[in-house]
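The values are calculated or read from the model by the stated rules, or taken from the named source; none is laboratory data. Keep in mind it's a predicted model, so treat the numbers as computed, not measured. With ideal geometry, Cβ positions are generated from the backbone for all residues, glycine too; neighbour counts draw on all protein chains shown. For the accessible areas, the whole protein counts, side chains as well, though only heavy atoms, and no ligand, DNA or RNA atoms are used. Shrake-Rupley method; radii C 1.70, N 1.55, O 1.52, S 1.80 Å.
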Amino acid sequence: MSQRVTRSALAASVLVAASMFFVDLSTGPASAATTPTLLTGEQRHAVTGYHADRMVVDGVNDRLLVADDVAHRVLAVGYAGAVVSEVALPDGANAGDLELSADSSRLWAIVPGPNVIISWDAATLEEKARYPIAAYDLGNLAVTADKVWFTYNKNYFASLDPATGEVVKHTLGSGTNTSASPRQPLIAASPADPDRLVLTDADTRGDVFLYDIGAATPALVATTRTGLYGHTALEYTADGRMIYVGGVGGAYYTWADDLGGFQSRTIAMSRALAVEAAAGGWLAAGLPPAGDQTDLRLFRDAEGTAAREFDFPITAAAPQLTGLAWEPGGDRLFALTTEESGAQSLWTIGTPTVIPSPSVPAATPTAITLAAPATTPRGELVSVSGTITGGVPMGTALTVRRTDPASPAGVTIPSWQTNASGGFGFMDTPPVAGTATYTVTFAGTATHAPSSAQISIKVVTAPAPALAATAITLKAPATSKRNAVVAIQGRLTGSGIGARTPVTVRRADAETPAGKNLQQLATAADGTFTARDHPEVGGTVTYTVSYAGDAVRKPSSAKVSIVVAKSTPTLTLNRNGSVNAYNATVTMTARLGATHRNRTVEIWADPYGSDQAKRLVKKGTVNGAGDLSATFKLTRDTTFSAVFTGDTRYAARTVTSTLRTRVAVSTAVTKHYKVKNSYYHVRKKTHPKFTTTMTPYPGRKQRLTFERYSGGKWVAWKTGTFKLNAAGKYTFTLTGTHKTGVKYRVRAAYLTGTSGDSANYTTYGAWRYFTFTK
């Protein structure tokens, strides 16, 4: 139940975190209990996409719950720092304090500004309740089994009943104990005794108050002064037996049932630090960067000497500690640091309470160098000399082993000892031709590290005859169709090459990238040969012709590549050019012809306009007839694509179909007094209104056409183009002097390219008929 420090405390060199933070202006020495352990890059996780200002650890869901004061939100992140979920805070406010319920099912936050307390489901960050608080300067939280306790207005604390929302306010101490502090009192609830609540001020007085909250009205049990000032941290240990208080002057602790004698219970540290108590009886303390002190220290409960110490690696300016928290019930410690640049890191320290074994002094390194002739005749004595460095004593024993073709597992040569300067030597007679390798080994001692060295000597019986060089030249067409016969012509040259010299032909392609032997050919008398093949796989096909060589000639090989064109598959897509109703659901069917192995087709839809992205409608394997179908609801002109990505023998192909889509359009008539025989009857002194409703689109216009009946036919009367509103509506009022007895009609239309866009197919609405009467 750690208490955080407000951002304003940073100005006074107090760190901000979900842990306990305080400043010690004394200059005590760094702990010398252990050798500091430098944290590694494997323990660091960069904080990206959010800013961490305070945190609590949810051990049930294996995540950290983080307050982000920059983006005004609360996030759930994994133990490696990756964001799992997030929730925004109201009105651009920040979470002043975070607390988890004992079972980690609820996350609570106190939010100054809007003056609310909010609870979320800790696993999902779904908001469960929001409680308005009729108080100002909200401070810190503590959660018990049935209440949420909080501090406010420097000298007060209160309880919130989550079941009813009732808030009961109380005065802290005499009501004037914290008046000198700009920060709110700290508060913590005992994890072992549900009736105990401890509070402390955040000013120079150093008061601590222990309350019994078992009755309706909290009763002050005990109070004391710590001897510190500027309290910034207050915390129970996990078993509820001890209370830690942090402030200027160090970390002070006492047993939870005894608030006296703080002066004799001090953990001395210099300047600012953060304190977190673990379930296993450990205390973690963090200090600001300084050359004479470590960054993190671990203490056993009620002990003043650190059992373990850690340092953050420094790449530029030393990072500042922003947060510190233990995994509940576990042995994992989390730390947040912030660089001068603002970059943040989450450090995960596993099993920090495991004390490493004392280091063993490093043995002095040794090294062996060897010298010997590069070659020696078989059966003759060869001499090898060497030196071992590192100051080994005279008479140090070395072992020598020789490996050669006759003894691949190695044989031991009699041991040799060093002289006073580390020099040594040995002689041997290699029994067989080939390479003889000598390995000299020093086994090492308690004071000198082991080492070894090798040297190889070529053992010869007679000068090896020089082999004649050979070469192969190849010629082949640059391109070919699939299954077409290709001829690879070549010639093997070299001394003594004649008829029937064997060469091997090997082919590599996309289906057999490692290659496959095709045939063995025999050369003609002039060394020429021709290999024929009919490649079935498209792409680059490489032919390698090799000559193995013999006792007097060297081997040789050559390569030539042919680009084999892939076959074009048959691919169709139906309904191209069709005109469809608005909101019509169409079935698009792609048909794929013969291919090799890939029978997958993708159907994509690209509705008109930049506001809708091209999207994959369906991807799947075609049926036995080669068909793949997908349905799509049309709201505007849409281009569909059927895509085959190809395989090793058939090329990729894309075909398209463009479907035109009408708009939905209707015209409503108002201001009439009756409808008869499909005619709207309007009084001659009334101006009728015609409301068009059309499928909306940015900047869309309608063409409104009026006609009157004259001379036995309908003739044009009025026409206008009017911009629709965002909902696709426009109301036209017909004004002027209206003649009675004349028949009129009106309709709205969308005209592609004329009505402000080209998203749909030209669509005419139904005629509406009307006439004027007296």
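Close amide H partners of ALA71, meaning residues 5 or more places away or on another chain with modelled amide H under 5 Å apart, are HIS51. Residues whose amide H comes within less than 5 Å of that of GLY646, counting only those at least five positions distant or on another chain, are ARG653 (H built at 1.01 Å from N in the peptide plane). DSSP beta bridges fully contained in the chain are about 90 percent antiparallel.
Modelled spin-label separation between LYS618 and ALA290, with each label point placed 7 Å from Cα along the Cα-to-Cβ direction: 7.2 nm. Would you be so kind as to identify which of ALA274, TRP108, ALA446 lies farthest towards the positive end of the dipole of the chain, taking Lys and Arg as +1 and Asp and Glu as -1 on Cβ and the Cα centre as origin? Among ALA274, TRP108, ALA446, the one farthest towards the positive end of the dipole of the chain is TRP108. Of the chymotrypsin sites (Phe, Trp or Tyr not before Pro) in region 130-228, the ones in a loop by DSSP (not H, G, I, E or B) with at most 13 other beta carbons within 10 Å are TYR136. Accessible surface comparison of ASP137, ASP611, ASP68, probe 1.4 Å, protein chains only, largest first: the order is ASP611, ASP137, ASP68.
Between SER629 and ALA524, the contour length at 0.36 nm per residue exceeds the Cα-Cα span by 31.9 nm.
What whole number of Å gives the distance from the Cα centroid of region 130-199 to the Cα centroid of region 451-511? Cα centroid to Cα centroid, the span is 88 Å.
Once a ≥ b ≥ c are taken as the square roots of the eigenvalues of the Cα gyration tensor of the chain, is the result rounded (a/c under 1.5), prolate (a/b larger than b/c) or oblate (a/b not larger than b/c)? Oblate. Scalar couplings 3J(HN,Hα) for region 94-108, obtained by applying the Karplus form with A = 6.51, B = -1.76, C = 1.60 to θ = phi - 60°, are 10, 7, x, 8, 10, 9, 9, 5, 4, 8, 6, 8, 10, 9, 10 Hz; x denotes Gly and Pro. Once the chain from ALA551 to THR40 is taken as fully extended at 0.36 nm per residue, the excess over their C-alpha distance is 178.0 nm. Counting only protein heavy atoms, what percent of the accessible surface of region 33-190 is carbon or sulfur at a 1.4 Å probe? Within region 33-190, the accessible surface is 50 percent carbon and sulfur. Each of TRP326, ALA664, VAL486 was scored by the projection of its Cα onto the charge dipole of the chain, and the greatest displacement toward the positive side belongs to ALA664; charges sit on the C-beta of Lys, Arg, Asp and Glu. The share of C-alpha pairs in region 107-215 whose separation exceeds 21 Å stands at 34 percent.
In whole percent, how big is the carbon plus sulfur part of the accessible area of region 315-440, probe 1.4 Å, protein atoms only? Display every interim value, and only then the final one.
On the way: 3640 of 6170 Å².
Answer for region 315-440: carbon and sulfur cover 59 percent of the accessible area.
Lys and Arg at +1, Asp and Glu at -1: add these up for the other residues within a Cβ distance under 13 Å of GLY620 and post the number.
Spelling it out: positives minus negatives among the neighbours equals +1.
Between MET242 and THR237, ALA256, the built amide H atoms are under 5 Å apart, and every one of these is 5 or more places off in sequence or on another chain.
Let me check I've understood the local charge: for GLY728, count other residues with C-beta under 13 angstrom from its C-beta, Lys and Arg +1, Asp and Glu -1. What total comes out? In short, +4. Look at the Cα gyration tensor of region 320-360: its axes a ≥ b ≥ c give a/c of at least 1.5 with a/b at or below b/c, and that counts as oblate.
Taking a point 7 Å out from the Cα of GLU511 in the direction of its Cβ, the residues of region 551-578 whose backbone N falls within less than 20 Å of it are 561-570. Charge dipole of the chain (Cα centre as origin; +1 on each Lys and Arg Cβ, -1 on each Asp and Glu Cβ, all else neutral): 8080 debye, rounded to the nearest 20. Label-to-label distance, ASP239 versus ASN483, with points set 7 angstrom from Cα along the beta-carbon direction: 8.3 nm. Count Lys and Arg as plus one, Asp and Glu as minus one, and take only other residues whose Cβ is under 13 Å from that of THR351; the net charge is then 0.
ALA222 to THR48: FRET efficiency via 1/(1 + (r/R0)^6), r the Cβ-Cβ distance, R0 60 Å, to the nearest 0.05? Computed FRET efficiency for ALA222 and THR48: 0.80.
For region 160-170, 3J(HN,Hα) computed residue by residue from phi via the Karplus equation (6.51, -1.76, 1.60; θ = phi - 60°) reads 10, 8, x, 6, 10, x, 5, 10, 10, 9, 9 Hz, glycine and proline entered as x.
State in Å² the accessible area per residue of the chain; use a 1.4 Å probe, count heavy atoms of protein chains only, and round to the nearest integer. Show your work: numbers first, answer last.
Values: 35350 Å² over 774 residues.
Accessible surface, normalised per residue, equals 46 Å².
Which residues in region 375-409 have a backbone N closer than 15 Å to a point placed 7 Å from the Cα of ALA420 along the Cα-to-Cβ line? Counting only backbone N, you get 392-396.
Can you work out the FRET efficiency for the pair VAL70 and ALA145, with r the C-beta to C-beta distance and R0 = 35 Å, to the nearest 0.05?
Working: r = 34 Å, r/R0 = 0.98.
Calculated value: 0.55.
For the residue pairs LYS614/LYS701; LYS475/LYS554; LYS516/LYS554; LYS559/LYS619; LYS633/LYS689; LYS128/LYS633, alpha carbon separations beyond 28 Å are given by LYS559/LYS619; LYS633/LYS689; LYS128/LYS633. Ranking THR719, SER407, THR639 by how far each Cα lies toward the positive end of the dipole of the chain (charges on Cβ) leaves THR719 at the top. Straight-line reach from LYS713: taking Cα to Cα under 16 Å and skipping same-chain neighbours fewer than 8 places apart, the lysines in range are LYS743.
Phi angles of region 698-710 translate, via the Karplus equation with coefficients 6.51, -1.76, 1.60 and θ = phi - 60°, into HN-Hα couplings of x, x, 6, 10, 10, 9, 9, 10, 10, 10, 10, 8, 8 Hz per residue; Gly and Pro are given as x.
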